[in-house]
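The values are calculated or read from the model by the stated rules, or taken from the named source; none is laboratory data. Owing to the predicted nature of the structure, the values given are computational and were not obtained by experimental measurement. When we count neighbours, we look across all protein chains shown, and the Cβ atoms used for this are built from the backbone with ideal geometry, even at glycine.
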Amino acid sequence: MIDYLKKRPAILIFLVTFLVYSPMLLNQWVGDDNIIIGKNAFYASWKNIPRLFEKGYISNAQEINFNNGSESDYGTGSVSYRPASNLIYFFDGHFFRARPWGSHLINILVHCVNSVLMCWIVNRVFSSLLLGVFAGLLFSLHPIQSEAVAVMSYRADIVAAMFVLCSFCFWIKFNQGGYADRKYYFGSLVMYFFCFIQ
């Protein structure tokens with residue numbers, strides 16, 4: 001029963017965030033998302049994952065025929081090095097067949113996790129569950145987050161936030177454990193590294 005009571009704020013924040021952003025599941029692609037994910041055959045095959053680490057990773061936008069109605073391999077579609085975020089696009093292609101609702105679902109779930117992490121961090125730092133819940137809901141529902149959650153090509157922002165928040169969570173666990181448990185220290189470093197390659 002005590003464990004359930006401790007989890008209720010996280011469940012509340014997760015559900016409120018999901019409910020507020022759930023209308024996005026009915027939306028279509030936004031901006032260039034249709035080119036990056038929808039019509040891009042690159043993310044349809046897991047065999048293309050090694051290409052995320054090749055020299056030609058960054059796509060040349062001038063070579064992409066945006067008026068082409070058919071599906072083509074446009075490469076990563078990225079104009080900067082973001083292999084971790086691009087790796088998640090393969091889930092869009094494989095599990096949801098690059099349908100808009102699936103991509104929106106992934107972004108919403110990542111944002112829900114970020115909001116729960118924010119609650120946990122504030123709760124641990126200030127020893128106040130009420131303040132943690134407020135911070136988690138404020139982070140979740142603030143309008144500044146809506147663009148990063150709604151647009152697939154901005155997924156890198158929410159994925160980077162997830163890695164930074166996870167890194168901070170590991171650091172707090174390491175710090176509050178009297179620096180004895182080194183796995184949290186290394187977990188913090190690994191998450192911090194991933195935020196740079198997001």
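Quick grid of which residues meet (1) within 29 Å of I49 (Cα to Cα); (2) among the aromatic types (F, W, Y):
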site: G102; (1), (2): yes, no
site: I108; (1), (2): yes, no
site: C112; (1), (2): yes, no
site: V125; (1), (2): no, no
site: L131; (1), (2): no, no
site: L141; (1), (2): no, no
site: S167; (1), (2): yes, no
site: Y179; (1), (2): no, yes
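Out of the residues in the stretch 7-50 that are buried (at least 17 other Cβ atoms within 10 Å of the Cβ) and more than 19 Å from the chain's Cα centre (by Cα), state the one that is farthest from S85 (Cα to Cα). By that ranking, first place goes to P9.
The residue that is surrounded by the most Cβ atoms within 10 Å (Cβ to Cβ), among those in the stretch 87-106 that are assigned to a helix (DSSP H, G or I) and without any contact (Cβ under 8 Å) to a residue 40 or more places away in the chain, is G102. Within the stretch 127-182, track down each residue that is among the β-branched types (V, I, T), over 30 Å from I36 (Cα atoms) and at pLDDT below 95. Result: I172, single match. Against the conditions (1) touching a residue at least 60 places away in the same chain (Cβ under 8 Å); (2) aliphatic (A, V, I, L, M); (3) under 30 Å from S80 (Cα atoms), M118 satisfies every one except (1).
Can you find even one residue in the stretch 70-84 that is assigned to a helix (DSSP H, G or I), modelled with pLDDT of 80 or more and not acidic (D, E)? The answer is yes, given that some residue of the stretch 70-84 is assigned to a helix (DSSP H, G or I), modelled with pLDDT of 80 or more and not acidic (D, E).
Just one of (1) surrounded by fewer than 21 Cβ atoms within 10 Å (Cβ to Cβ); (2) touching a residue at least 60 places away in the same chain (Cβ under 8 Å); (3) over 22 Å from N27 (Cβ atoms) fails for V151. It is (3). Only residues that are under 21 Å from D92 (Cα atoms), assigned to a helix (DSSP H, G or I) and either of a type in the set (F, W, Y) or in contact with a strand residue (DSSP E or B) (Cβ under 8 Å, 6 or more places away or on another chain) (or both) were counted in the stretch 11-35, giving 2. Number of residues in the stretch 185-198 that are under 14 Å from L165 (Cα atoms) and outside any helix (DSSP H, G or I) equals 1.
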